[in-house]
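Every number here is computed from the coordinates shown, using simple stated rules; none is lab data. From a predicted model like this one, the values you see are computed outputs, not experimental measurements. Note that each Cβ is placed from the backbone with ideal geometry, even for glycine, and that neighbours are counted across all protein chains shown.
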Amino acid sequence: MTLDMQTYRDGRKQATDAAEAIRSALAGLGLPESVWGSVRPMVTHSGKPYVHLGMVRADAAEKMAEAMRPQAQVEPRQV
């Protein structure tokens, strides 16, 4: 099965947009470029878009996990 060019382009655009969003979010957490600089868009042979995050240091992974956790909901104070 060959991948047509339009399917590849669509997948590449989606993967690139997602990779940029992840890079921006990681930079926003204050992580250095050595962490987010290796984030790469990828397209499979069937045209599916992916983002390769690569290997990250444990401290960076902990910061990423903390940012992804839902914030504890605080119940409104009763007056």
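Using only Cα atoms and rounding to the nearest 10 degrees, what angle (0 to 90) does helix 58-68 make with the longest principal axis of the chain?
Rounded to the nearest ten degrees, it is 80.
By how many degrees, 0 to 90 and rounded to 10, does the Cα axis of helix 5-28 deviate from the longest principal axis of the chain?
The answer is roughly 30 degrees.
How high is the relative contact order of the chain, given as a whole-number percent (alpha carbon pairs under 8 Å, six or more residues apart)?
29
Per DSSP H run of n ≥ 4, the term is -39500 (n - 2.57); total these for the chain, divide by its residue number, and report the mean residue ellipticity at 222 nm rounded to 500 deg cm²/dmol.
So the calculated ellipticity at 222 nm is -15500 deg cm²/dmol.
For Ala67 paired with Arg9, estimate the spin-label separation in nm (one decimal), with each label point 7 Å from Cα along the Cα-to-Cβ line.
It works out to 3.2 nm between the two label points.
For segment 12-59, list log₁₀ I(q)/I(0) at each q in 0.24, 0.27, 0.28 Å⁻¹, using the Debye formula over Cα point scatterers of equal strength and ignoring solvent, two decimals each.
These q points yield log10 I(q)/I(0) values of -0.82, -0.95, -0.99.
When the dipole is taken about the Cα centre of the chain, and only Lys, Arg (+1) and Asp, Glu (-1) are charged at their Cβ, what size is it in debye, to the nearest 20? Don't skip to the end; give the middle numbers.
Working: 10 positive and 9 negative charges, 20 e Å.
Once rounded to the nearest 20, the dipole reads 100 debye.
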